[in-house]
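The values are calculated or read from the model by the stated rules, or taken from the named source; none is laboratory data. Values in this document were obtained by computation on a predicted structure and should not be read as measured data. Ideal geometry is used to build each Cβ from the backbone, glycine not excepted, and the neighbour counts take in all protein chains shown. All accessible areas refer to the heavy atoms of the entire protein, side chains included, with ligands and DNA or RNA removed. Shrake-Rupley method; radii C 1.70, N 1.55, O 1.52, S 1.80 Å.
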Amino acid sequence: MSISKLHYITQGATPEKHLENLEKVCANGGKWIQLRLKNETQKKMLETSLEAKAICKRYGATLLINDHVEVAKEVDADGVHLGKEDLHPTVARKILGAHKIIGGTANTWQDIENLTTKKVDYIGLGPFRFTKTKEKLSPILGLKGYNEIFKKYHSKNLQTPIIAIGGIKEEDLLSLSETGLHGVAMSGWLTENEHLKERIAAIETAMNQEITKE
């Protein structure tokens, strides 16, 4: 299973704005979308997810639904991303099936060890720095935290792709890529900026650099 090196987590004041921003990213080369709606009714979540799926299909992009496993199943999304307080990944796997993508959230080395035993397809590790997109923010890791976790990750020869998340900006990409992580998830930095095609290409170039670990 190929996990993208750039994940876009949707953002917007309304579900309609989420869809508008989602399509803008897809139109400019984004290929991995996580629809992250909070405090919406199940009906609105389902309606928005169906529209998101249609957009992603049009652009050949992968669509994951944040938290809502049953919605992901109903709209036949490509998978789900589960927070630390969401449904257990093994239960989600039984609901969605072996062929769907399941990602999990980690804040500590213990979280990563736990998620690897649950056989998630990738792990979102963060937050890198403070971000307004998440209400219950875990302790900030920063570059020091990432490096400490990746020393253990490499020593254990783990293979689960790790995606950095949380307030990441363009100037962070090189230092993050040097830790050995697989990719980055971005929200505000892509939502709020113009020249998306160039920015998305630059992110993917940075994350595709081959870093030699000693």
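For this structure, a couple of remarks:
- For the listed peptides 184-192, 139-147, 199-207, a ranking on the average number of other beta carbons within 10 Å per residue, highest first, reads 184-192, 199-207, 139-147.
- The GNM of the chain, with springs linking C-alpha atoms under 10 angstrom apart, assigns the highest mean-square fluctuation among 63, 158, 96 to 158.
- Computed lengthening from residue 118 to residue 192, 0.36 nm per intervening residue step minus Cα-Cα distance: 23.1 nm
- FRET efficiency for residue 73 and residue 174, using Cβ-Cβ distance with R0 set to 41 Å, rounded to 0.05: 0.60
- Within segment 54-75, backbone nitrogen closer than 20 Å to the virtual label 7 Å beyond the Cα of residue 201 toward Cβ: 59-61
- Förster radius 35 Å - calculated FRET efficiency between residue 17 and residue 159 (Cβ-Cβ, nearest 0.05): 0.40
- Cα lying deepest toward the dipole's positive end in segment 139-214, options 181, 158, 201, charges on Cβ: 158
- Cα-based reach from residue 156 at 17 Å (exclusive), listing aspartates and glutamates while leaving out same-chain residues under 8 positions away: 111, 113, 148, 214
- Contour excess over end-to-end distance, with Cα ends at residue 54 and residue 110 and 0.36 nm allotted per residue: 16.4 nm
- Mean Cβ count within 10 Å, highest first, over the residues of peptides 83-95, 64-76: 64-76, 83-95
- Interchain or long-range residues, amide H under 5 Å from residue 34's placed H: 8, 9, 10, 64
- Net charge of the neighbourhood of residue 72, taken over other residues with C-beta under 11 Å away and scored Lys/Arg +1, Asp/Glu -1, is -2.
- Too-long pairs where the Cα-Cα distance tops 31 Å, listed order kept, from 73/144; 100/152; 94/151: 73/144; 94/151
- Proximal charge balance of residue 189 [Cβ under 11 Å; K/R count +1, D/E count -1]: -2
- Taken per residue, the accessible surface of segment 79-214 reaches 53 Å², heavy atoms only and a 1.4 Å probe.
- Phi-derived couplings, Karplus 6.51 cos²θ - 1.76 cosθ + 1.60 at θ = phi - 60°, listed residue by residue for segment 65-70: 9, 7, 6, 7, 5, 5 Hz, with x used for Gly and Pro.
- Take every pair of alpha-carbon atoms less than 8 Å apart whose residues are at least six positions apart; their mean separation over the length of segment 57-201 yields a relative contact order of 16 percent.
- When the solvent-accessible area of segment 87-214 is split by element, carbon and sulfur atoms take up 51 percent of it, the probe being 1.4 Å.
- By the rule of a C-alpha distance below 17 Å, with chain neighbours fewer than 8 residues away ignored, the lysines paired with residue 5 are 31, 169, 197.
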